[in-house]
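Here the structure comes first, spelled out in structure tokens, and everything after it is commentary.
The values are calculated or read from the model by the stated rules, or taken from the named source; none is laboratory data. All of these numbers come straight from a predicted model, not from anything done at the bench. Glycine gets a Cβ as well: all are built from the backbone with ideal geometry, and neighbour counts include every protein chain shown.
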Amino acid sequence: MKFWRKRVTAGNQVTPQATRPTGGLPSKASIAIEITGTTTFGAENMGALFAAHGLSAGGLLELSGQLVPEPENPADPHAVTIHAEGARIGYLPGFLAKEAAHPDQTDECQVQLWGTSQGSSVRVRGWVARGTGAVAWPHDAANPPAVTIQERRTEQSAEITNMVDEALEGGGARAKQFKAGMVGNYHYLEAIEPIKQLKRDGRLKEALTVCYAAIEGAERARQDREPAPWYTEQAAIIHRKRGERVEEEAVLRRWLKHCPADRRPGSKIQERLDKLGTAQ
């Protein structure tokens, strides 16, 4: 069974579309940053906001808002919330919040919110830009963002495939490195979503086949470093679910064999193997 789209020779490639900024905006336009927490902390208020604008089934909202520091936040005293029409709809990403205004200063901002109906609620993905001037929004009606879980999965897979294609076509050392990680017509990085989907479908044997193919590619592309461990972790998890203790131990030891000695202690693979030993 084929899990990825077929990669063919350059000039004949069919590349999935991924998120790309829209053009035609002033060169000094504010850069938009994706809002965090729209489907968790801000989910209820997002639903009410869309309903208030007659968009209970979803759609596009562009509103003015405020960046409000939240110094009392127990998880992050640097947290900055994003408010629109008086309601908290999400947060500024943590890496940017530390650079935000003084803890007692509220800043003006603009938000672009994309909603999609999901059962009785609205799932929202949004962006925020500081100030009130022109904004370089990454999406418009002709290029809407992925919002649903499945759309996000497809988008992430497309971004990985685009990255691999660009690396292979670019030539030089980067292309050589990526070629080392190829398994047939596909790169091991492209195996992430197929493995996850096969696990969700309960097709564990097929998921293992993809895991081991990806492990092989990760080993070839490691360049004297440790192979990407995620595929080994997934194989070990599947073996555990299938009651295959010997195979679980073997795949963990395989990763350690390809890992530089100084990188083994403290690794998730070593920790998992240690726990496996104590469980005997």
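Structural remarks
Okay, residues lined up against (1) touching a strand residue (DSSP E or B) at 6+ places or on another chain (Cβ under 7 Å); (2) among the β-branched types (V, I, T); (3) surrounded by fewer than 16 Cβ atoms within 10 Å (Cβ to Cβ):
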| residue | (1), (2), (3) |
| --- | --- |
| G86 | no, no, yes |
| I89 | yes, yes, no |
| L92 | yes, no, no |
| A97 | yes, no, no |
| T106 | yes, yes, yes |
| C109 | yes, no, no |
| G115 | yes, no, no |
| R123 | yes, no, no |
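- Applying the set (1) loosely packed, with under 15 Cβ neighbours inside 10 Å; (2) free of Cβ contacts under 8 Å to residues at least 24 places away in the same chain to I237 leaves exactly one unmet item: (1).
- Residues that are buried (at least 20 other Cβ atoms within 10 Å of the Cβ) and in contact (Cβ under 8 Å) with a residue 60 or more places away in the chain within the range 199-232 comprise just one, V210.
- Filtering W255, W230 for residues that are in the same structural domain as R174 (by TED's automatic domain parsing), aromatic (F, W, Y), in contact with an Asp or Glu (Cβ under 9 Å, 6 or more places away or on another chain) and at negative phi leaves a single hit, W255.
- Residue tally, condition closer than 22 Å to E34 by Cα, loosely packed, with under 15 Cβ neighbours inside 10 Å and of a type in the set (A, V, I, L, M), over the range 144-181: 1
- Contact map, the range 67-80: first residue within 11 Å of G94 (Cα to Cα) and in contact (Cβ under 8 Å) with a residue 24 or more places away in the chain, second residue among the hydroxyl-bearing types (S, T, Y) and crowded, with 17+ Cβ neighbours inside 10 Å, Cβ cut-off under 9 Å, separation 6 or more or different chains; the map is empty.
- Qualifying residue in the range 150-173 (condition: hydrophobic (A, V, I, L, M, F, W, C), touching a strand residue (DSSP E or B) at 6+ places or on another chain (Cβ under 8 Å) and under 30 Å from E108 (Cβ atoms)): no
- Among the residues of the range 45-94, those that are of a type outside the set (A, V, I, L, M), part of a helix (DSSP H, G or I) and touching a Ser or Thr at 6+ places or on another chain (Cβ under 9 Å) comprise G47, F50, G94.
- Flag for E247 being more than 23 Å from A175 (Cα to Cα) and either outside the structural domain of K179 (by TED's automatic domain parsing) or modelled with pLDDT of 95 or more (or both): yes
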